[in-house]
1. Using the structure shown, decide if Ala174 is free of Cβ contacts under 8 Å to residues at least 40 places away in the same chain, assigned to a strand (DSSP E or B) and more than 16 Å from Tyr127 (Cβ to Cβ).
2. Name the residue, out of Leu181, Leu140, Leu98, that is among the aliphatic types (A, V, I, L, M) and closer than 22 Å to Lys44 by Cβ.
3. Go through the stretch 10-55 and give me each residue that's farther than 23 Å from Gly124 by Cα and hydroxyl-bearing (Ser, Thr, Tyr).
4. Taking the condition of being farther than 22 Å from Tyr163 by Cβ and basic (Lys, Arg), how many residues in the stretch 74-120 meet it?
5. Determine whether Tyr163 is in contact (Cβ under 8 Å) with a residue 12 or more places away in the chain, crowded, with 21+ Cβ neighbours inside 10 Å and not basic (Lys, Arg).
6. Name the strands (runs of 3 or more DSSP E) wholly inside the stretch 48-160 in which the number of residues that are more than 12 Å from the chain's Cα centre (by Cα) and not acidic (Asp, Glu) is 1 or more.
7. Against the condition over 26 Å from Asp158 (Cβ atoms) and surrounded by 10 or more Cβ atoms within 10 Å (Cβ to Cβ), how does Val52 come out, does it pass?
8. Ser115: in contact (Cβ under 8 Å) with a residue 24 or more places away in the chain and farther than 26 Å from Lys14 by Cα, yes or no?
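The values are calculated or read from the model by the stated rules, or taken from the named source; none is laboratory data. In this text the structure is predicted, and so the values were computed from the model without any measurement. Cβ coordinates were reconstructed from backbone atoms using ideal geometry, including for glycine residues, and neighbour counts include every protein chain displayed.
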Amino acid sequence: MTTYPVQTRRWTRKEYHRLAELGVLREDEPIELIGGQLIVAEPKGTPHATMVEVVADVLRGAFGPGWAVRAQNPIALDDDSEPEPDVFVVPGRQRDYLADHPSQPVLVVEVADSSLALDRRHKGSAYARAGITDYWIVNLVDRVLEVYRQPVEDAHADFGWSYADVTTIQPGAAIAPLARLEVAVAASDLVP
């Protein structure tokens, strides 16, 4: 019997939106487009859902006016990626993004428990490839904040990019977002 290698089909953002327009994908369906792949998002438990709202509130306070903090909404990273991170921050106001999803967040945050490996490797590589310079993971498993900075090419990473600077921030310590270096965010405000 002849065997053939598994082949997958890559999707573009345009095709992804067309699938939704045709009703193939429902608006409430937990699917993200990452690197041309349709990824089914994991169910969100109570701790995850609560911490997403906590993180969004903390970042609204830290960034203040002139910045839009968005929770569980799409980012137009590139032609084949439209992830929906748990929280992200973009310059301007919410209404500035009526015509298209934001594409240049200054900070992306994922809240992770069962999705920790996916958020570190797969999404992290996609964010690094897109040039996101400040990527944080609220690690609910170990109750720490993981900070990823300095995107670099990496042939071993899922999408050819990773982060050169990875720091774990323990509760009791603080970190400043790269876009607001004058503001310190306490890790204990972001982890349970």
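1. Details: free of Cβ contacts under 8 Å to residues at least 40 places away in the same chain: yes; assigned to a strand (DSSP E or B): yes; more than 16 Å from Tyr127 (Cβ to Cβ): yes.
Yes; evaluated as a whole, the condition is true for this residue.
2. On the way: Leu181 fails: closer than 22 Å to Lys44 by Cβ; Leu98 fails: closer than 22 Å to Lys44 by Cβ.
After ruling out the rest, the residue left standing is Leu140.
3. Passing the criteria: only Thr46.
4. Total satisfying the criteria: 2.
5. Details: in contact (Cβ under 8 Å) with a residue 12 or more places away in the chain: yes; crowded, with 21+ Cβ neighbours inside 10 Å: yes; not basic (Lys, Arg): yes.
Taking the combined requirement at face value, the residue satisfies it.
6. Details: elements: 67-71, 87-91, 107-112, 134-139, 144-153.
Where strands (runs of 3 or more DSSP E) fall fully within the stretch 48-160 and carry at least 1 residues being more than 12 Å from the chain's Cα centre (by Cα) and not acidic (Asp, Glu), they are 67-71, 87-91, 134-139, 144-153.
7. Working: over 26 Å from Asp158 (Cβ atoms): no; surrounded by 10 or more Cβ atoms within 10 Å (Cβ to Cβ): yes.
Spelling it out, it is not the case that Val52 is over 26 Å from Asp158 (Cβ atoms) and surrounded by 10 or more Cβ atoms within 10 Å (Cβ to Cβ).
8. Details: in contact (Cβ under 8 Å) with a residue 24 or more places away in the chain: yes; farther than 26 Å from Lys14 by Cα: yes.
Taking the combined requirement at face value, the residue satisfies it.
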